[in-house]
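Step one of this worksheet: look at the structure below.
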Amino acid sequence: METPRDEVSIALIGKYAGLQDSYMSLNQALHHAGTAHQLKVNISWIEAEKFEKRSPKTVLGSFDGILVPGGFGIRGIEGKINAVTYARTQKVPFFGICLGMQCATIEYARNIASLLHANSTEFEPQTPHRIFFKWRELKGVKDLGGTMRLGSYLCRLKKGSLAERAYGKSNIHERHRHRFEFNPEYETPLREAGLVISGINPEHKLVEIIEIRDHPWFLGCQFHPEFKSKPIKPHPLFKAFIGASYEYRIKRNKHKRKN
């Protein structure tokens, strides 16, 4: 194995930071991507709740990339959303996975699309803007049978998007494990506010990937790409994220030297 030429620091913002085995697949996928770039990946597990009463800047200012992973439940949600705001406004490479994608979309809805109090019905059943709700509700069926979308699904990528450039193709299959989906009623208002919807499941017309423009690298995916990453074949999204994080590190260090 080649010796890493440099390093990159990634902040993983979760609610199980004290139980790092909970993120084993993510940990491995990040290191797979680092190996592909000949980089050492330093991962810091940070409790999302820290950012509910404290500015993320004091903690996240030294990181090259920010990742918000999947999970369930309301604890730490507002802290994750605050971390997303920091990544978006400070132009730090951001990767949101499953719940992380949902937090990124909710953050954009609130702060860019002016949909005040936007949320998921998982966290606020009475929210005036249900950006995410149960898949079964999308199909007009409530609490009948299993409520999770599991397994591999087709996703079609928007031409020229970050996702398409990362994968190098327009049709992909990825593994899912979640209950809540993007509410299609909000596709138009969020697109009009500038959100890039770059991945769609054609069978059910479900939003799978979101991005934002004018940012070094900002992407959220509804699925779990870490499940398909391998040591000698890192997942394309992780590889692209680590590459963007390293570029951000180089630019930031050059700026520091100039000043």
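Annotations for the structure displayed:
- Among the residues here, ALA48 does not qualify as modelled with pLDDT of 95 or more, among the small types (Gly, Ala, Ser) and more than 14 Å from ASN119 (Cα to Cα).
- Members of the range 190-225 that are within 22 Å of HIS32 (Cβ to Cβ) and more than 12 Å from the chain's Cα centre (by Cα): GLY199, PRO216
- Tally, over the range 156-182, of residues that are surrounded by fewer than 21 Cβ atoms within 10 Å (Cβ to Cβ) and over 19 Å from PHE95 (Cβ atoms): 8
- Selection within the range 121-142: residues that are in contact with a helix residue (DSSP H, G or I) (Cβ under 7 Å, 6 or more places away or on another chain) and modelled with pLDDT under 95. The member of this set that is farthest from GLU187 (Cα to Cα) is LYS142.
- Evaluation of THR121 against (1) farther than 27 Å from VAL41 by Cβ; (2) out of contact with any Phe, Trp or Tyr (no Cβ under 6 Å at 6 or more places or on another chain); (3) surrounded by fewer than 18 Cβ atoms within 10 Å (Cβ to Cβ); (4) not hydrophobic (A, V, I, L, M, F, W, C) (one fails), failing number: (2)
- For the range 48-59, the tally of residues that are within 25 Å of HIS224 (Cβ to Cβ) and more than 16 Å from the chain's Cα centre (by Cα) stands at 4.
- Inter-residue pairs, beta-carbon under 6 Å, first at negative phi and in the range 149-168, second among the β-branched types (Val, Ile, Thr), 6+ apart: CYS155/ILE172; ARG156/ILE200; ALA163/ILE209
- Hey, THR89 within 22 Å of LEU162 (Cα to Cα), surrounded by fewer than 18 Cβ atoms within 10 Å (Cβ to Cβ) and polar (S, T, N, Q) or not: yes
- When the range 15-45 is filtered for residues that are in contact with a strand residue (DSSP E or B) (Cβ under 6 Å, 6 or more places away or on another chain) and at pLDDT below 90, the ones remaining, listed by number, are ALA17, GLN20.
The values are calculated or read from the model by the stated rules, or taken from the named source; none is laboratory data. These figures come from a predicted structure and were not determined experimentally. Backbone-built Cβ (ideal geometry, glycine too); neighbour counts: all protein chains shown.
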